[in-house]
1. Go through region 139-161 residue by residue and tally those that are part of a strand (DSSP E or B), among the small types (Gly, Ala, Ser) and open to solvent by less than 30 Å² (accessible area, probe 1.4 Å).
2. For region 96-108, name all the residues that are in contact (Cβ under 8 Å) with a residue 40 or more places away in the chain and either of a type in the set (A, V, I, L, M, F, W, C) or surrounded by 24 or more Cβ atoms within 10 Å (Cβ to Cβ) (or both).
3. Given the conditions (1) surrounded by fewer than 18 Cβ atoms within 10 Å (Cβ to Cβ); (2) over 25 Å from Asn115 (Cβ atoms); (3) basic (Lys, Arg), report the number of the one that Arg174 does not fulfil.
4. Does Thr213 count as touching a residue at least 60 places away in the same chain (Cβ under 8 Å) and within 17 Å of the chain's Cα centre (by Cα)?
5. So which of Tyr169, Tyr184 is modelled with pLDDT of 95 or more, in contact with a Pro (Cβ under 9 Å, 6 or more places away or on another chain) and open to solvent by less than 30 Å² (accessible area, probe 1.4 Å)?
Amino acid sequence: MRRPAVWLAACGLACTVAASPSPAVPSAPPTTQSPTPGAVPQGFKRIGGPANGLTVAIPQDWVALDLSKGDLDKSLKDIGLSGDALEQAKRSLRPLAANKAVWASDRTSAATSPNRFATNLNAFCQESPDIPAEQVIADVRKQLGQLGATISQTGEVTIDSGTAVRVVYRLPSRGIDIRGTQYYTHSSGRTCILTLSTDKDGLQPLFDQIGRTLRPQ
């Protein structure tokens, strides 16, 4: 079996285009109350399922795609993409579709982004041995370092379904300074990986709130 590979869904312009058709309205702020473990936070919805190998909760106004359904073209057309935007999105998301991932984006965030970059996430599971947290962190540090990322935080954290390795980093990608957070959690011979990406400051509390809801199926 293989160790979990780093998957950085920076998504670039494809995610930005997918988010652009909607008018700019503020996203719902993360709730400050402490929800019951495993519950969906107020103002959130849960996406994913057994076909994806996981679920995760996202803000209600985010758009989501279930890439396990096998028809990537139809899924992208359903959210309003066509022409060059559709082709860009297919190139970006095809590897995620092969992993039966879920993908989601704050459809309004591109309007206030300096780079027209849409805040987004992807999550999927793959076969993996149960690697100690310290080794996961070492592997991720190495792989992110090879991509030119700067890591600011690493550690094992508690999430609703147990524990996860959390890595916070910044990554230059196509001229955009991506602020990324990844969660790695192991269950039943698989590691589930959640990646959240933005080019904005101030979203770490939201990313951590989303990360706590990651639940293998």
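1. Result for region 139-161: 1.
2. Result: Leu96, Ala101, Val102, Trp103, Ala104, Ser105, Asp106, Arg107.
3. (2)
4. It is true that Thr213 is touching a residue at least 60 places away in the same chain (Cβ under 8 Å) and within 17 Å of the chain's Cα centre (by Cα).
5. Result: Tyr184 is the single residue among Tyr169, Tyr184 that is modelled with pLDDT of 95 or more, in contact with a Pro (Cβ under 9 Å, 6 or more places away or on another chain) and open to solvent by less than 30 Å² (accessible area, probe 1.4 Å).
Residues checked against (1) of a type outside the set (Ser, Thr, Tyr); (2) touching a Gly at 6+ places or on another chain (Cβ under 9 Å); (3) more than 14 Å from Cys125 (Cα to Cα):
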position	(1), (2), (3)
Ser161	no, yes, yes
Val167	yes, yes, yes
Asp177	yes, no, yes
Leu194	yes, yes, no
Gln217	yes, yes, no
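Per-residue answers, yes or no, for (1) at pLDDT 90 or above; (2) surrounded by fewer than 16 Cβ atoms within 10 Å (Cβ to Cβ):
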| residue | (1), (2) |
| --- | --- |
| Gly53 | yes, no |
| Leu72 | no, no |
| Ser75 | no, no |
| Ser82 | no, yes |
| Leu86 | no, no |
| Arg94 | no, yes |
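Conditions (1) within 21 Å of Ala51 (Cβ to Cβ); (2) in a loop (DSSP other than H, G, I, E, B), marked per residue:
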position: Ala89; (1), (2): yes, no
position: Lys100; (1), (2): yes, yes
position: Phe117; (1), (2): no, yes
position: Gly180; (1), (2): no, no
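The values are calculated or read from the model by the stated rules, or taken from the named source; none is laboratory data. Because the structure is predicted, anything quoted here is derived from the model rather than measured. Cβ atoms come from the backbone with ideal geometry, glycine included; neighbour counts cover every protein chain shown. Heavy atoms of the whole protein, side chains included, go into the accessibility calculation; ligands, DNA and RNA do not. Shrake-Rupley method; radii C 1.70, N 1.55, O 1.52, S 1.80 Å.
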